[in-house]
Amino acid sequence: MASEAVDSPPSLIPQPNGNGDRLTVDKKNQTSLENKLKPIGPKRRPYTEIHSRPLPLEVHPLPVFIPHNPLSFVRIAINLISHSFRPPSSHPTVHRGYFSTETQSIHVTNPQSIVALWEQGFWGSGSLSRTEPQWLEHEKRKRGLGESKTAWEVTQERREARRQFKLERARLERETIEQQLRQEGKLASTEQVPAEQEPVVPVKQTGAFPISDANKTKNEFGPTEDSQEDRQNRQVASSDRDPSSEEIEDQEHLQLTLEEAFFLTYGLGALEISKDEISLSSNYLFRLYSTYSNFPIPENSASHIHNLFRLQEQKYKDTLETSDVLPIAPDNPFLLKYVVYHHFRSLGWVVRDGVKFASDYLLYNRGPVFAHAQFAVMILPSYSHPYWSATPDRKEESKKKEARDWWWLHRVNRIQTQVLKTLVLVYVEVPPPWDEDLESKAFQVNIGNILKKYKVREVVMQRWTPNRNRD
Amino acid sequence: MAPVTEPFPISNVAGRYLLFDVDVISHVRRNHNICGVLIGTIPNLSQQNVFLGIPLQLMPEEARVLVEQGHAYIFDDAQAHMQGFFGMSRKDRLEFLRMMDERGQQRARDVRRKAEERSEKALREKGLLQARTEQKESEALVAEGDPGTDAGGSLFGSTPQLPANRRVADKKLAPHFITPTTSYPPLAPPSQPSTLALPEVPRQYPIYRYMQSKGYFAMPGLRFGCHYSIYPGDPLRFHSHFLTTGLGWDEEFELLDIVGGGRLGTSVKKTYLIGAEEPEKEEGEEGKVRAFSIEWAGM
């Protein structure tokens, strides 16, 4: 490459490695410099402490039983007895949210809930931030109030550093070519570029761009989400406003996807969705989310479903106006996504939306702040139940829904290879329709039974080239 | 390069559209923005697939464009062979065989001359040649009048001063057997069929035709997960600019495809392009093709 042709120690020239997001500059010098410059501020809590609870629930394990210590047995007994008299709650707080028809997501506005939901299981994302709700902190810093950098700023800095790095690399390449041409006599030597006099390794000497910051981000904050992607270069507009400390109103809320919200409500019971101060049953939510994941959304469906729910509450079953409520299709997008979401969350993965990598979900081992996502999940419906091939029409229809072409597979696979994720194709077995007789069941769904009808198969895809995958 | 007369034939072999003539191949590349893919292996290194040669396989879309614009016509190569060789007259066949024999003889002579040159060179390098020729001359003097020794002597004496010896040896030389590499000297070139058979094309054809008509070159884009990677000029000189996917006019597709295609395209410094053809409004009228390019802004 160009950098090697330049007569300078190649180790000093930044080389993007792997996915091209880390800059390996002479690390020793950088870190020593950092230590000197680092202001002594309040210490950050370590991530393991912040995210010590994997779910927004509280568990009360029994004390450890130590066989040679009889006292431990006593402690266990006390615990058991006290728990039997006054069982401790696993749901100390139930968070509240509401369904927003415009964004088709659940909004959580209570600041405590927002923090708790993010810290305990990485649920949702901030409406004004990239992932973690940090708008307020960022705003404070902008006005000179906050102390520590937000992840968003770190990303900005890293992107700026990367942009500078690229410019520098392009310049070096250009210079090498020019130098070569001059040596070969193809370029008149009078066309001396002023850059020639500059040191060829400006990375360290000029210090023009904050590569040190880019490194620091890695050390301090851990990998931030999607650091492989966008190299956006938006400059943070520094506001000229007076940093006098008028209270900044937090304008940000947490947005939960329908699957996340339903898992929190139905699976964990840690979230309550309410409308007009009435908390809604998961039965109702199931129907609501399913309706809203279709496209196009039937007109006024929310109000229809809501009316239905209200009438049910008031036991006026005779007056139900039912024709406007459609049955839930067995391959409803919400349902397919929820089945997969539930599957992976139950297995302990942190599941987050994968739209930025053009996949359905990303699976994190502990959470996005600890490590990059390991797997990218693509959901594919599978119609292998005999019902779907019973009539030619149905067969054709389901074939069409199942079909993906080779181009699709190559595209998806290539994207995931580029960002060093393993592609998991998740096939969801679609059962025959189960919601046709919704009126006779009075619009009730037994969610547990329905979820049991779905089966999930995982297929891991990986590019394998004999030359590259030789261990 | 010999000039190519249009329309030229495109062989259809087992559903593939092939070009066997180097002149035609460079002609379509220069004048019609069509590259195709070389698929022929080297016969004595058939396992390697790094360097491939003729024939050139055309995508059905490429063949279709050529046929639609009247530059070429498709013919069934297998059928042409059957008809051509079974329908050959006895006189033609004998003439062909005689020609092949002649070529075989010529080939054998060439091979022997090569061998002699080689040995002569080797001998000269070792300084033995002078001695050998002198010795042979003396032998020839002794055995004059005996034609039997001439043949043996000619194996070594390869100098052009001995034409008599060589002519005798020619008769004993076994001819090489030649496998003909083309069928279109013995057979007459296929005639243009009266009805134009258009190749079957996949549904992304309109976008290909559209880009080709704008002067772009297209190569198969499977490795980028798109139908064609589109080059602004000859692919040997340019990087491709677009990753192109053709869709149906009213086809529904997933938005994730756009996210993914855009992401992939932008990360390899290309633009993702999707396009479709408006359905025909009137009979025989070609619909308008519309294309959209998509790029990630923040990468």
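Explain nothing, just compute: Karplus ³J(HN,Hα) = 6.51 cos²θ - 1.76 cosθ + 1.60, θ = phi - 60°, for every residue of segment A:446-460 in order, whole Hz, x for Gly and Pro.
Each residue's phi maps through the Karplus curve to give 8, 4, x, 5, 5, 5, 5, 6, 8, 10, 10, 10, 10, 10, 8 Hz.
With a cap of 15 neighbouring Cβ atoms within 10 Å, and only residues DSSP puts in a loop, list the GluC sites (Glu not before Pro) found in segment A:359-463. Please report the intermediate quantities before stating the final value.
Working: sites: A:396, A:397, A:402, A:429, A:436, A:439, A:458; in loops: A:436, A:439.
Within segment A:359-463, the qualifying GluC sites (Glu not before Pro) (loop, at most 15 other Cβ atoms within 10 Å) are A:436, A:439.
Report, by chain and number, residues whose modeled amide H sits under 5 Å from the one on residue B:296, excluding near sequence neighbours (fewer than 5 apart, same chain).
Under 5 Å from the amide H of residue B:296: B:266.
Points 7 angstrom from Cα along the Cβ direction at residue B:91 and residue A:52: gap in nanometres?
It works out to 10.6 nm between the two label points.
Quick one: accessible surface of residue B:111, probe radius 1.4 Å, all protein chains present, in square angstrom to the nearest 10.
60
Considering every residue in A:449-457, what mean count of other chain Cβ atoms within 10 Å of its Cβ is obtained? Walk me through the numbers before you get to the answer.
Values: counts 0, 0, 0, 0, 0, 0, 0, 0, 0.
Counting Cβ atoms of other protein chains within 10 Å of each residue's Cβ and averaging gives 0.
Based on the Cβ-Cβ distance of residue B:101 and residue B:68, what FRET efficiency does E = 1/(1 + (r/R0)^6) give at R0 = 45 Å, to the nearest 0.05? Intermediate results must be reported in sequence, preceding the final value.
Details: r = 45 Å, r/R0 = 0.99.
Result of the calculation: an efficiency of 0.50.
Compare the peptides A:349-359, A:249-259, B:26-36 by average per-residue count of other Cβ atoms within 10 angstrom and give them in order, highest first. Present the calculation step by step, with values, prior to reporting the outcome.
Numbers: A:349-359: 21.7, A:249-259: 19.9, B:26-36: 18.2.
Peptide ranking by packing, descending: A:349-359, A:249-259, B:26-36.
So, taking all protein chains as they sit and a 1.4 Å probe, how much accessible area belongs to residue A:98, in Å² rounded to tens?
Surface open to solvent at residue A:98 totals about 100 Å².
What total accessible surface area, summed over both chains, is buried at the interface between chains B and A, computed with a 1.4 Å probe and given in Å² to the nearest 100?
On the way: alone 19830 and 27290 Å², together 45330 Å².
Rounded to the nearest hundred, the buried surface is 1800 Å².
Can you work out D for segment A:347-471 in µm² s⁻¹ from Stokes-Einstein, where Rh is the Kirkwood radius over C-alpha pairs, the temperature is 4 °C and the viscosity is 1.567 mPa s?
In µm²/s, the coefficient rounds to 76.
If you rank A:405, A:276 by how much accessible surface each has, with a 1.4 Å probe, what is the order from largest down?
Working: A:405 60, A:276 100 Å².
Largest to smallest exposure gives the sequence A:276, A:405.
Please say if segment B:202-299 is rounded, prolate or oblate, where rounded means a/c under 1.5 for a ≥ b ≥ c the square roots of the C-alpha gyration tensor eigenvalues, and otherwise the choice is prolate for a/b larger than b/c and oblate otherwise? Don't jump to the answer; show the numbers that get you there.
Details: a/c = 2.29, a/b = 1.31, b/c = 1.75.
Verdict is oblate for segment B:202-299.
Decide, for segment A:124-164, between rounded, prolate and oblate: order the square roots of the alpha carbon gyration tensor eigenvalues as a ≥ b ≥ c, take rounded if a/c falls under 1.5, and otherwise choose prolate if a/b is larger than b/c, else oblate. Could you put the intermediate results ahead of the total?
Numbers: a/c = 2.79, a/b = 1.25, b/c = 2.24.
Cα axes put segment A:124-164 in the oblate bin.
Between residue A:249 and residue B:234, what is the FRET efficiency for a Förster distance of 60 Å, r being their Cβ-Cβ separation, to the nearest 0.05? Present the calculation step by step, with values, prior to reporting the outcome.
Values: r = 60 Å, r/R0 = 1.01.
Here the calculated transfer efficiency is 0.50.
Subtract the Cα-Cα distance of residue A:380 and residue A:65 from 0.36 nm times their separation in residues, and report this length gain in nm to one decimal. Could the numbers behind the result be given before it?
Numbers: separation 315, 0.36 × 315 = 113.40 nm, distance 4.66 nm.
Residue separation times 0.36 nm, minus the Cα-Cα distance, leaves 108.7 nm.
Would you mind giving the mean number of other chain beta-carbons within 10 Å of the Cβ of each residue in B:266-273, as a whole number?
On the way: counts 3, 9, 2, 0, 0, 0, 1, 0.
Rounded to a whole number, the mean comes out at 2.
I want to check the label-to-label distance for residue A:458 and residue A:437. Put each point 7 Å from Cα in the C-beta direction and report it in nm to one decimal.
3.7
Using a/c under 1.5 as the rounded threshold, could you call segment B:1-80 rounded, prolate or oblate? The axes a ≥ b ≥ c are square roots of the C-alpha gyration tensor eigenvalues, and prolate needs a/b larger than b/c, oblate otherwise.
Because a/c hits 1.5 or more and a/b exceeds b/c, segment B:1-80 counts as prolate.
In this model, which of A:356/B:269; A:140/A:166; A:400/A:452 are farther than 20 Å apart at the alpha-carbon? Numbers along the way, then the final one.
Working: A:356/B:269 18 Å; A:140/A:166 32 Å; A:400/A:452 25 Å.
Listed pairs above 20 Å: A:140/A:166; A:400/A:452.
Take the Cα coordinates of segment A:35-138, assign each an equal point scatterer, and use the Debye formula without solvent to give log10 I(q)/I(0) at q = 0.22, 0.23 Å⁻¹.
Each listed q maps to, in turn, -1.21, -1.26.
Which whole number gives the average, over all residues in A:411-418, of C-beta atoms from other chains lying within 10 Å of the residue C-beta? Walk me through the numbers before you get to the answer.
Working: counts 15, 5, 1, 8, 7, 1, 0, 4.
Partner-chain Cβ atoms within 10 Å, mean over residues of A:411-418: 5.
What's the center-to-center distance, using Cα atoms, between segment A:329-362 and segment A:46-114 in Å?
About 25 Å separates the Cα centre of segment A:329-362 from the one of segment A:46-114.
Would you kindly find the accessible area of residue B:92, with a 1.4 Å probe and non-protein molecules such as ligands, DNA and RNA excluded, rounding to the nearest 10 Å²?
We get 80 Å² for residue B:92.
Of the peptides A:52-63, A:327-338, how do they stack up when ordered by the mean number of other Cβ atoms within 10 Å, highest first? Don't skip to the answer; put the middle values down first.
Working: A:52-63: 13.0, A:327-338: 20.4.
In decreasing order of mean packing, A:52-63, A:327-338 become A:327-338, A:52-63.
Please give the peptides B:270-278, B:118-126 ranked by average Cβ packing (other Cβ atoms within 10 Å per residue), highest first, as a rough proxy for protection.
Values: B:270-278: 21.7, B:118-126: 12.0.
The densest-packed peptide leads the list: B:270-278, B:118-126.
The values are calculated or read from the model by the stated rules, or taken from the named source; none is laboratory data. What you are looking at is a predicted structure, and each value in this text was computed from that prediction instead of being measured. Ideal geometry is used to build each Cβ from the backbone, glycine not excepted, and the neighbour counts take in all protein chains shown. In case anyone asks, the SASA skips ligands and DNA or RNA and just uses the protein heavy atoms, side chains included. Shrake-Rupley method; radii C 1.70, N 1.55, O 1.52, S 1.80 Å.
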